[in-house]
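S.K.: The structure that follows is given in the form of structure tokens.
Read-outs: derived from the displayed coordinates by stated rules, not from any lab. Computed from a predicted structure; not experimentally measured. Ideal geometry is used to build each Cβ from the backbone, glycine not excepted, and the neighbour counts take in all protein chains shown.
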Amino acid sequence: MGKIALMLAMLICMPLVSWSSSASDQVPVNPTLKQQLLGSPVYIQIFKEERTLELYAKLGNNFRLVGSYRICNFSGGLGPKRREGDFKSPEGFYSVDMRHMKPDSRFYRAINIGYPNAYDEAQGYSGKYLMIHGECKSIGCYAMTNAYMDEIFTYVQAAFRNGQGNVDISIYPFRMTESNMQRHRSSTYAKFWRQLQPGYEYFVKNSQPPSIGVVNGQYVLNRPILTSAPASQYALTETK
């Protein structure tokens with residue numbers, strides 16, 4: 001009986017252990033908690049190669065995975081958007097507010113990601129109206145099914161209505177592990193991707209959205225407030 005009781009206790013505790021793990025191996029929260037998180041601050045990550053959008057909501061001091069959604073369509077392959085008409089979907093760090101919400105978009109519902117940002121403008125990149133939207137079709141945007149877009153839009157809108165000023169959206173070519181970086185080391189975009197990697201690593205380790213700035217036309221990770229590893233592990237060019 002003692003062994004059976006111990007095994008039951010371990011099973012009961014397993015979800016708590018998974019919640020405390022790093023952001024890279026999270027599983028979505030259970031449906032009851034998912035509903036309770038509606039209105040909490042949110043954060044979005046997009047991975048092109050995996051065709052995945054991840055929505056996180058703040059639970060305590062950390063951001064937990066609410067849902068992982070298959071991206072129906074994006075265009076232009078890997079790499080950043082550089083000019084209007086190149087049909088590329090953007091990569092980089094974006095921040096949106098309530099003004100970027102489009103509940104009556106012709107593509108069902110939409111969130112304008114705010115392209116071009118300060119980095120894009122520093123490079124002389126051009127383009128506009130780059131969205132996360134519904135209707136499952138896209139040229140330069142990230143298209144979702146309408147059902148997925150409903151859920152994403154609802155959580156972002158609730159976060160704004162509950163006081164969140166800006167929602168960060170980090171868009172990566174792939175999960176920026178060192179093995180994936182090595183796999184793409186010969187890419188034309190490898191140097192650009194090295195600027196994105198510290199933001200990805202920071203969230204994996206801390207379950208907190210990274211604070212990203214643009215200095216001298218380059219993305220840099222601002223000095224972390226909370227960290228479990230030496231700052232030099234995240235970026236050699238942190239802002240001071």
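S.K.: Sort largest first and round to whole Å: the equivalent ellipsoid semi-axes of segment 26-136, each the square root of five times a Cα gyration tensor eigenvalue.
M.R.: 27, 15, 15
S.K.: Ok, one more. Can you tell which of GLN218, THR32, SER207 lies farthest toward the positive end of the dipole of segment 22-233, using +1 and -1 charges on the Cβ of basic and acidic side chains (Lys, Arg; Asp, Glu)?
M.R.: Comparing the listed Cα positions along the dipole, GLN218 ranks first.
S.K.: State the answer as a single residue: which of ASN146, PHE160, THR177 lies farthest towards the positive end of the charge dipole of segment 22-233, with beta carbon charges of +1 for Lys and Arg and -1 for Asp and Glu, about the Cα centre.
M.R.: Final value for the positive-end residue is THR177.
S.K.: Listed here are the pairs LYS34/LYS205; LYS102/LYS191; LYS34/LYS81; which of them are more than 30 Å apart at the Cα?
M.R.: Flagged as over cut-off: LYS102/LYS191; LYS34/LYS81.
S.K.: Evaluate the charge dipole of segment 22-233 about its Cα centre and quote only its size in Debye, nearest 20, assuming +1 on the Cβ of each Lys and Arg and -1 on the Cβ of each Asp and Glu.
M.R.: Approximately 160 debye in magnitude.
S.K.: What's the FRET efficiency of SER75 with ASN146 using the Cβ-Cβ distance as r and R₀ = 30 Å, to the nearest 0.05?
M.R.: About 0.95, to the nearest 0.05.
S.K.: Over the Cα atoms of segment 22-233, how large are the radius of gyration and the largest Cα-Cα distance (Dmax), in Å?
M.R.: So, for segment 22-233, Rg and Dmax equal 16.2, 47 Å respectively.
S.K.: Take ALA118 and ASN62, extend 7 Å from each Cα along the Cα→Cβ direction, and tell me the distance between the two endpoints in nm.
M.R.: 3.0
S.K.: I would also like to ask the following. Taking 0.36 nm per residue of sequence separation and subtracting the Cα-Cα distance, how much length would be gained by fully extending the chain between ASN222 and ARG83, in nm to one decimal?
M.R.: Extending this stretch completely gives an extra 47.3 nm.
S.K.: Just to confirm a number: summing +1 for Lys and Arg and -1 for Asp and Glu over residues other than MET131 whose beta-carbon lies under 11 angstrom from that of MET131, what do you get?
M.R.: That works out to +3.
S.K.: Okay, next question. Taking a virtual spin label 7 Å from the Cα of ASN166 along the C-beta vector, which residues in segment 86-117 bring their backbone nitrogen under 11 Å of it?
M.R.: Backbone N within reach: 94-97.
S.K.: Still on this model: Quick check: the distance between the Cα centres of segment 33-61 and segment 155-193, to the nearest angstrom?
M.R.: 13
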